[in-house]
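Report on the following structure.
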Amino acid sequence: SKAAGKLTTGLTGLAVNSTPHISLTALYDRTLKLLARMPADAKYRQSTEAIVKERLAAVNSEPDISRLEKRINCGQIEEVVQQAERELQLARSFLSWKPWEPLIGQAPPNQWKWPL
């Protein structure tokens with residue numbers, strides 16, 4: 001059976017996901033595991049964890065796909081799955097980049113000043 005009875009998302013290259021709850025649960029669980037490996041005070045971890053936990057709670061408590069889409073409010077459920085896939089990739093990158101560690105050297109003057 002197709003998700004919410006639809007045959008297409010109407011978006012080029014984005015197929016209907018007939019099991020979005022399973023997809024999102026797996027992606028969110030993997031993302032939370034990666035975030036847990038980051039320092040608790042890392043801003044990326046804090047903000048991403050809050051969003052992922054909120055969305056995972058929605059996925060777990062709302063079986064109806066169209067109501068879940070409205071609750072998450074970030075497009076069709078297939079777009080939400082795509083966002084979750086991209087966030088998982090970004091979390092992996094953050095783990096390798098370690099932006100929470102101090103700079104190797106002193107930043108140039110006015111590095112963080114805007115506008116110049």
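The values are calculated or read from the model by the stated rules, or taken from the named source; none is laboratory data. Keep in mind that what you see is a predicted model, and the values were worked out from it rather than measured. Note: ideal-geometry Cβ built from the backbone for every residue, glycine included; neighbour counts use all protein chains shown. When the accessible area is computed, the model is the full protein with side chains, heavy atoms only, and any ligands, DNA or RNA have been set aside. Shrake-Rupley method; radii C 1.70, N 1.55, O 1.52, S 1.80 Å.
Annotations
- Measuring between their Cα centroids, the stretch 1-77 and the stretch 97-116 lie 33 Å from each other.
- Crossing angle, helix 77-97 versus the chain [Cα axis fit, 0-90 degrees, rounded to tens]: 20 degrees
- Simple spin-label estimate for residue 104 and residue 47 gives 2.6 nm between the two label positions (7 Å along the Cα-to-Cβ direction from each Cα).
- Unit charges on C-beta of K, R, D, E only; dipole of the chain, Debye: 140 debye
- Theoretical FRET efficiency, 1/(1+(r/R0)^6), r = Cβ-Cβ of residue 19 and residue 79, R0 22 Å, to 0.05: 0.90
- In the list [x] 47.4, 163; [y] 17.9, 59; [z] 14.2, 42, the label attached to Rg and Dmax of the Cα atoms in Å as derived from the coordinates here is [y].
- Projecting the Cα atoms of 90, 110, 5 onto the charge dipole of the chain (Cβ charges, centred on the Cα centre) puts 110 farthest toward the positive pole.
- The relative contact order of the chain comes to 30 percent, based on Cα pairs under 8 Å that sit 6 or more residues apart.
- Residue-normalised accessible area of the chain, given per residue in Å² at a 1.4 Å probe: 68 Å²
- Which of 61, 46, 73, positive extreme of dipole for the stretch 36-108 (C-beta unit charges): 46
- If you run the Gaussian network model on the chain, springs between alpha carbon atoms under 10 Å, then out of 76, 46, 106 the most flexible one is 106.
- A Gaussian network model of the chain, with springs between Cα atoms under 10 Å, assigns the largest mean-square fluctuation among 41, 29, 64 to 41.
- Helix 43-61 axis, angle to the chain major axis (alpha carbon atoms, nearest 10°): 10 degrees
- Apportionment of accessible area to carbon and sulfur, the chain, percent (1.4 Å): 55 percent
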